[in-house]
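One structure is given here, and the rest of the page talks about it.
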Amino acid sequence: MQLYNTLSAEERAVMIDDAGKQRLTLSFYAYAKIEDPKKFRDDLFLAWNALDALGRIYVANEGINAQMSIPEENLEAFRTTLEAYDFMKGIRLNEAVEHDDHSFLKLTIKVRHKIVADGLNDDTFDVTNIGVHLKAKEFNEILDDPNTIVVDFRNHYESEVGHFKNAITPDVETFRESLPIINEQLQNHKEDKNLVMYCTGGIRCEKASAYFKHQGFKNVFQLEGGIINYAKQIEAEGLESKFIGKNFVFDNRLGERITDDIISQCHQCGKPCDNHTNCENDGCHLLFIQCDDCKAAMENCCSTECLEIIHMPLVDQVRLRTGKQVGNKVFRKGKSENLKFKHSGELPNTALAAAEKQVDIRQKVKVKKVLLGKAEHYYVKAQVGQFTIENHGLNIGDKILITGPTTGEQELILNKFIVDGAETTTAKIGDKVTFEVPFRIRLSDKLYKILN
Ligand SMILES: [Zn+2]
Ligand SMILES: [Zn+2]
């Protein structure tokens with residue numbers, strides 16, 4: 001019984017492309033009493049692995065917190081695996097605003113002490129006495145109330161690229177740090193103000209709202225489903241977005257655009273920019289904001305030191321980072337001295353620039369394609385190749401892609417091909433197809449059909 005990943009991220013990325021299927025990025029959470037988290041974890045792994053589901057999931061005695069990528073065609077089957085548990089019947093799945101087939105490349109389910117590291121002792125207050133859940137429209141209305149204080153319960157690197165206008169954005173690196181800071185800051189407003197809170201998907205507010213009610217706050221509200229769900233609702237209902245900028249997300253996309261406002265700067269040159277990246281030096285991996293120009297000049301590094309290191313032989317790089325723990329730096333820091341234009345704490349409520357529509361440089365230009373087969377034979381002089389069709393089929397006029405280590409990526413439109421010695425218009429599985437190519441193909445070059 002396979003209970004863990006057997007594929008590398010790279011192998012998985014190729015498989016996803018070869019399958020050519022749309023994937024959905026989604027998240028959900030549920031607080032519930034789980035008697036045996038280890039068994040729960042293993043059962044989920046088996047059910048989800050069979051559905052080609054990927055993601056990062058935490059389970060604990062207190063529930064489940066999941067961020068995932070699911071093949072679109074398996075969504076209903078996936079929902080069935082959730083609804084097998086009473087506490088997940090009718091659960092809300094927060095679908096991402098922007099999808100990317102590579103948002104997750106592994107299925108990792110971990111048993112943890114808690115599903116969110118909040119640093120709270122749950123036995124000291126009633127965790128079920130939560131704040132009032134607000135939908136986007138109600139949330140907009142309460143933000144207009146002068147008696148409202150709105151607090152961002154995310155970390156500095158998240159609020160830096162996007163937040164609700166006029167929100168308090170604590171300068172913290174972890175959720176647990178923000179709780180006492182906010183409690184202290186709002187000491188004198190426990191009874192007279194509306195304490196309105198939000199986070200990425202709603203989970204952090206579930207516990208925080210109960211904690212603040214326990215601390216004596218009378219009017220506690222939370223954004224239902226967080227920014228992800230808010231963005232969906234303003235789009236569907238044509239509401240004004242009081243959130244500006246990007247919603248930082250914890251997968252390979254690092255952010256999804258909610259409005260065209262760019263409110264942050266490239267940490268290196270100060271140009272308006274809200275694209276996060278991780279330093280190219282594996283011994284650093286700092287999370288920071290970098291524009292395209294700096295990315296090119298600095299080769300995706302955060303500093304000249306890191307730039308020097310990535311040009312060293314690999315053995316020296318490994319020697320330098322031996323004994324250093326860098327794994328947990330991925331989503332932290334961003335506070336390096338080298339980064340001159342970093343902002344946290346008080347943040348602007350207006351845009352520095354507008355993002356160009358549809359151009360998100362963090363997202364690779366993705367081509368939808370399906371694998372048809374491999375090159376079986378080639379004729380050097382005639383520049384002709386023969387491919388065996390193993391999947392789908394081929395038609396005259398199809399746009400195809402031929403790839404291989406030497407061939408690279410070659411796109412062309414097929415105007416003529418031969419099957420069994422005769423010119424024809426379609427080829428099916430099993431057919432050997434011969435056609436001209438304006439370059440030399442190699443044995444085992446892969447043939448794809450481009451779908452868009
Ligand atoms: Zn820059
Ligand atoms: Zn670095």
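Values for this structure:
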{"item": "Filtered residues of segment 294-339 (kept if at pLDDT below 75 and touching a helix residue (DSSP H, G or I) at 6+ places or on another chain (Cβ under 6 Å))", "result": "GLY334"}
{"item": "Residue identified as within 30 Å of TYR448 (Cβ to Cβ), surrounded by 15 or more Cβ atoms within 10 Å (Cβ to Cβ) and of a type outside the set (Ser, Thr, Tyr) among LEU44, LEU54, LEU7", "result": "LEU54"}
{"item": "When residues of segment 250-264 are limited to those that are open to solvent by 40 Å² or more (accessible area, probe 1.4 Å) and farther than 27 Å from LEU105 by Cβ, the one farthest from ligand 2 (Cβ to nearest atom)", "result": "ASP260"}
{"item": "Subset tally (residues that are outside any strand (DSSP E or B) and either acidic (Asp, Glu) or in contact with a Ser or Thr (Cβ under 9 Å, 6 or more places away or on another chain) (or both)) for segment 406-420", "result": "1"}
{"item": "Residue that is farthest from ligand 2 (Cβ to nearest atom) [pool: residues in segment 265-311 that are over 20 Å from ASN252 (Cα atoms), assigned to a loop (DSSP other than H, G, I, E, B) and of a type in the set (Gly, Ala, Ser)]", "result": "GLY270"}
{"item": "Helices (runs of 4 or more DSSP H) enclosed by segment 110-211 - at least 2 residues per element that are touching a residue at least 60 places away in the same chain (Cβ under 8 Å)", "result": "136-143, 156-159"}
{"item": "Residue list for segment 248-264, restricted to those being within 16 Å of ligand 1 (Cβ to nearest atom) and part of a strand (DSSP E or B)", "result": "ILE262"}
{"item": "All positions within segment 223-247 that are β-branched (Val, Ile, Thr) and buried (at least 21 other Cβ atoms within 10 Å of the Cβ)", "result": "ILE227, ILE228, ILE244"}
{"item": "Test for GLY245: is it more than 16 Å from ligand 1 (Cβ to nearest atom) and not β-branched (Val, Ile, Thr)", "result": "yes"}
{"item": "Condition met for GLU95 (of a type in the set (Asp, Glu) and either modelled with pLDDT under 90 or open to solvent by less than 30 Å² (accessible area, probe 1.4 Å) (or both))", "result": "yes"}
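The values are calculated or read from the model by the stated rules, or taken from the named source; none is laboratory data. Everything numeric here is computed off the predicted structure, so don't read it as measured data. Backbone-built Cβ (ideal geometry, glycine too); neighbour counts: all protein chains shown. Accessible surface areas use protein heavy atoms only, side chains included; no ligands, DNA or RNA. Shrake-Rupley method; radii C 1.70, N 1.55, O 1.52, S 1.80 Å.
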